[in-house]
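See structure below.
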Amino acid sequence: MSGATAVPGRTALDAAVEVRAASKWFGDTVALSDVSFALRPGVTGLLGHNGAGKSTVLSLLSGAARPSQGEVRVLGVDPHSDLAVHRRLGVVPDGEGTWAYLTARQNVALLAKQRGVADPRAAAGAALERVGLSHAADRRVGGFSKGMRQRVKLAQALAHDPEVLLLDEPLNGLDPVQRRADVELVRALGAEGRTVLVSSHVLGEVERMADEVLVVVNGRLVAEGEPAAIRDLMTDRPRTLRLAGRGVAALAGVLLGEGLVTAVRHDVAAGVRSDDEEALVVETPAAMALATRLPALARDCAATLRRVEAVGDDLESVFAHLTAAARGVGR
């Protein structure tokens, strides 16, 4: 997998899904660049910031688009040209995907019929029960909340009992109870032997659902492996932190002496609470080590920390670090 940071991982053996050096561009815009991976039964998370290329990957796998270069195979065939594979493939799109004037049962039965299910109405009922919507099966979807519509889409994807599931941000719009139930459902689907690819921009969500994670940044696959290893890659990296409280200057000196930080500066704009407080910005090459040692060192220095927070630490900056880490890594 060219350019990806690998953590112990996957092979193409018995893969239900294969992406081979796939690229996709729209005019001068490169949405996906030289991406390769293989998926086996179980749940795999597709993690990336908004616009990273997650939906493009799912679009290629669902057959909605063809790669500009490279190959995509689902259950051994091209999903764009071999329409028969869609009877074995379930998709939850990121867009709306439901008909507001139809009931939930009608929405799901229509998709089941299109995929050749012998008894679409019965299949729709079973799928709606599995996603927890039996009580609303005969209500029009136009009156549903976003979370309920998300679950209708999931029922549509399940009604024909597919072997491969592609789920694009399926937890969007769900309340905490629904979110927990759907996380458990996704894990159960993988445990049944299905191959599930679920996208998200939230690492915590992916960790709860997936056994393996693919990280996409600006159209490139930059890391892959188990969730814990991906979290280590994302957290143990150079960071800028703000320390505010009493005695932080003495603490910063100790941190410099220990090699836990490489630079310190006063943060005059931080807004401290009193004259005996101050705020410093520190740069650390080893965030995990700093987090482990900081409480004991603060106690030894008699420093009182009121606030420890990341500076400029949005999701895109995390992924930018992974992109830099992936440069020069060949597979």
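Quick notes on this structure:
- Condition met for E96 (assigned to a loop (DSSP other than H, G, I, E, B) and among the acidic types (D, E)): yes
Conditions (1) surrounded by fewer than 21 Cβ atoms within 10 Å (Cβ to Cβ); (2) at pLDDT 90 or above; (3) not assigned by TED's automatic domain parsing to the domain that holds V30, marked per residue:
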position	(1), (2), (3)
G204	yes, no, no
E207	yes, no, no
V217	no, no, no
P227	yes, no, no
T240	yes, no, yes
L251	no, yes, yes
V254	yes, yes, yes
H266	yes, no, yes
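- Among the conditions (1) under 30 Å from A31 (Cα atoms); (2) crowded, with 19+ Cβ neighbours inside 10 Å, S68 misses just one, which is (2).
- Scan of region 105-120 for residues that are surrounded by 14 or more Cβ atoms within 10 Å (Cβ to Cβ) and touching a helix residue (DSSP H, G or I) at 6+ places or on another chain (Cβ under 7 Å), ordered by number: R105, N107, V108, A109, L111, A112, K113, R115, V117, P120
- Flag for L167 being in a strand (DSSP E or B), touching a Gly at 6+ places or on another chain (Cβ under 9 Å) and either touching a residue at least 60 places away in the same chain (Cβ under 8 Å) or at negative phi (or both): yes
- Within region 49-70, not a single residue is free of Cβ contacts under 8 Å to residues at least 12 places away in the same chain and farther than 29 Å from E205 by Cα.
- Looking at R194, R140, R130, just one residue is at pLDDT 95 or above and over 28 Å from the mean Cα position of the chain (by Cα), and that residue is R140.
- Region 22-77, residues that are among the hydroxyl-bearing types (S, T, Y) and either in a loop (DSSP other than H, G, I, E, B) or out of contact with any helix residue (DSSP H, G or I) (no Cβ under 9 Å at 6 or more places or on another chain) (or both): S23, T29, S33, S36, S55, T56, S59, S68
- Taking first residues from region 216-240 that are over 30 Å from D28 (Cβ atoms) and partners that are modelled with pLDDT under 70 and part of a helix (DSSP H, G or I), the Cβ contacts under 6 Å between residues at least 6 apart in sequence or on separate chains come to M234/V318; R237/H321.
The values are calculated or read from the model by the stated rules, or taken from the named source; none is laboratory data. Since this is a predicted model, take the numbers as computed values, not measurements. Methodologically, a virtual Cβ is constructed for each residue, glycine included, from the backbone with ideal geometry; neighbour enumeration extends over all protein chains shown.
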